[in-house]
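Down below is the structure, laid out as structure tokens.
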Amino acid sequence: MTYKLPTDSRLQQPSFLFGVATASFQIEGARDSRLACIWDTFCATPDKIRDGSNGFVACDHLRLFREDVALIASLGVDAYRLSISWPRVMHADGSLNQQGVDFYIALLDELKAHNIKAFVTLYHWDLPQHLEDKGGWLSRETAYKFAEYADKISLALGDRVYSWATLNEPFCSGYLGYEVGIHAPGLKSKAYGRQASHHLLLAHGLAMPILRKNCPQALIGIVLNFTPAYPLTDSAADKRAAELADEYFNQWYIKPLFDKAYPDSFANLGEATPTILAGDFAIIAQPLDFLGINFYTRAVYQADAEADFQQVDLPDVVRTDIGWEIYPQAFTDLLVSLQQKYPLPPIYITENGCAAADILTNGEVADQMRLDYYQQHLLAVDQAIRQGVDVQGYFAWSLMDNFEWAEGYSKRFGIVYVDYTTQQRVIKQSGLAYRDFIQQRR
Ligand code: IFM
């Protein structure tokens, strides 16, 4: 069993890069000198995490990283996308924590020894708690602290890193964390969400030239997630609702990068209007070597008398174990529409994947739904490339099952199964198919 793509597909060419992705808090564990982060605090707050779990051990990657790199290498991938834990590598006084830095040096050297390119994200949501205590992303100062962190860690890791991404999914940090409170730090205000999002983008813009200066050989960019918005019906009202939702959840994070402005609905924010200083958009709109795009699903909207839009849960659609509709056409549509709207740099699909209720039986995980999901979504990327989108790589989310944020360990996204009691890893059928697909390309 392997994935099947047309022989003339760009995804079949050896220059197209395939990888697997993870993030620090989700896999590493915290049994070292790392400081507390906002997710430790959130996990310790009752009723925030579905299964009451935390990231203290996670996949114990801190201890098992050499075995994990061997596992990654056994999949035959070209690249591994990981993130750095800010509170592991920086002391509260702003100096580097050498023990934490040494962990990443060892990990990156191990990857290099296996000829695997390192795609490193600087911020995948684990803000040091001491910075949250001073206002977190509501404070403009945090953006400057991020730039200092980017400076120090990029100098320390140097040319071990093939590609740097400043942020992963600022939508999730800003909106889920500060506006609706289902992610850390759990704050709930529209004004907070918009302000935090602005400071996150500012942090990105401040860090970009620093990374470029410190690592001139690396590809430097940002990773954004998109949930394309579709109208429930063809009515003008539903179409407008979908457009407004798209502005609010998707375009909000990409438009400032290229157009130095938020979407038009910014004008309707009223009391939730964030403070933006003169020159901020010039800082944010830095040239990008690449844009990372994360895609999982779409959302459907209808008009609403009281709000700009109302999300609708369609009955009778196929959903993954986390409840997200499987709708691969939205992936092609998204890539093509972004290409039409913005002067995009080369694109890497930095995340795409499927949660399933996997069961390990006789040493195997038969994850047919995930196999189908990857097959359909790889074809969707192929379609977008045929329509002119410059996609250069694809990362499966995730290398292995891990801490799925507010869902704890209850949702499995890995192409490798993790037994959390023994920390045994077993490559699922979707992972074996990924390995075989990559191998036959060569
Ligand atoms: O697990 C997350 C990841 O950390 C960010 N993107 C979405 C994934 C699935 O929810």
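Quickly run through segment 406-427 and pick out the residues that are hydrophobic (A, V, I, L, M, F, W, C) and part of a strand (DSSP E or B). Once the filter is applied, which keeps residues that are hydrophobic (A, V, I, L, M, F, W, C) and part of a strand (DSSP E or B), segment 406-427 yields Val416, Val418, Val426, Ile427.
Per-residue answers, yes or no, for (1) in contact with a Pro (Cβ under 8 Å, 6 or more places away or on another chain); (2) open to solvent by less than 10 Å² (accessible area, probe 1.4 Å); (3) free of Cβ contacts under 8 Å to residues at least 12 places away in the same chain:
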| site | (1), (2), (3) |
| --- | --- |
| Ser154 | no, yes, no |
| Asp159 | no, no, no |
| Pro170 | no, yes, no |
| Gly181 | no, yes, yes |
| Leu211 | no, yes, no |
| Leu219 | no, no, no |
| Tyr230 | no, no, no |
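Residues of segment 294-306 that are open to solvent by less than 50 Å² (accessible area, probe 1.4 Å) and more than 16 Å from the ligand (Cβ to nearest atom): Val300, Tyr301, Ala303. Take the conditions (1) under 20 Å from the mean Cα position of the chain (by Cα); (2) open to solvent by 60 Å² or more (accessible area, probe 1.4 Å); Ile284 misses just one of them, which is (2). Screening the candidates Leu269, Leu224 for the property of being at negative phi and either modelled with pLDDT under 95 or away from the ligand (no atom under 16 Å from the Cβ) (or both) yields one hit, Leu269.
Of the residues making up segment 332-353, those that are within 16 Å of the ligand (Cβ to nearest atom) and in contact (Cβ under 8 Å) with a residue 60 or more places away in the chain number 5. Scanning for something surrounded by fewer than 18 Cβ atoms within 10 Å (Cβ to Cβ), touching a residue at least 12 places away in the same chain (Cβ under 8 Å) and either more than 16 Å from the ligand (Cβ to nearest atom) or not in a loop (DSSP other than H, G, I, E, B) (or both), does segment 393-405 turn up at least one residue? Within segment 393-405 (the criterion being surrounded by fewer than 18 Cβ atoms within 10 Å (Cβ to Cβ), touching a residue at least 12 places away in the same chain (Cβ under 8 Å) and either more than 16 Å from the ligand (Cβ to nearest atom) or not in a loop (DSSP other than H, G, I, E, B) (or both)), the answer is no, since none of the residues qualifies. Within segment 406-429, being touching a Phe, Trp or Tyr at 6+ places or on another chain (Cβ under 8 Å) and within 15 Å of the ligand (Cβ to nearest atom) holds for Tyr409, Phe413, Ile415.
Part of a helix (DSSP H, G or I) and more than 16 Å from the ligand (Cβ to nearest atom), is that true of Gly177? So Gly177 does not fit the description; no. Only one entry in Ile322, Ile385, Ile359 is open to solvent by 10 Å² or more (accessible area, probe 1.4 Å) and within 16 Å of the ligand (Cβ to nearest atom), namely Ile322. Sub-9 Å Cβ pairs linking a first residue in segment 18-39 that is over 22 Å from Ser95 (Cβ atoms) and assigned to a strand (DSSP E or B) to a second residue that is modelled with pLDDT under 95 and open to solvent by 10 Å² or more (accessible area, probe 1.4 Å), at least 6 apart or interchain, are Phe18/Arg441, ordered by first then second residue.
The values are calculated or read from the model by the stated rules, or taken from the named source; none is laboratory data. For clarity, every value in this text was computed on a predicted model and none was experimentally measured. Virtual Cβ from ideal backbone geometry, glycine too; neighbours counted across all protein chains shown. Please note that ligands, DNA and RNA were not included when accessible areas were found on the heavy atoms of the full protein model with its side chains. Shrake-Rupley method; radii C 1.70, N 1.55, O 1.52, S 1.80 Å.
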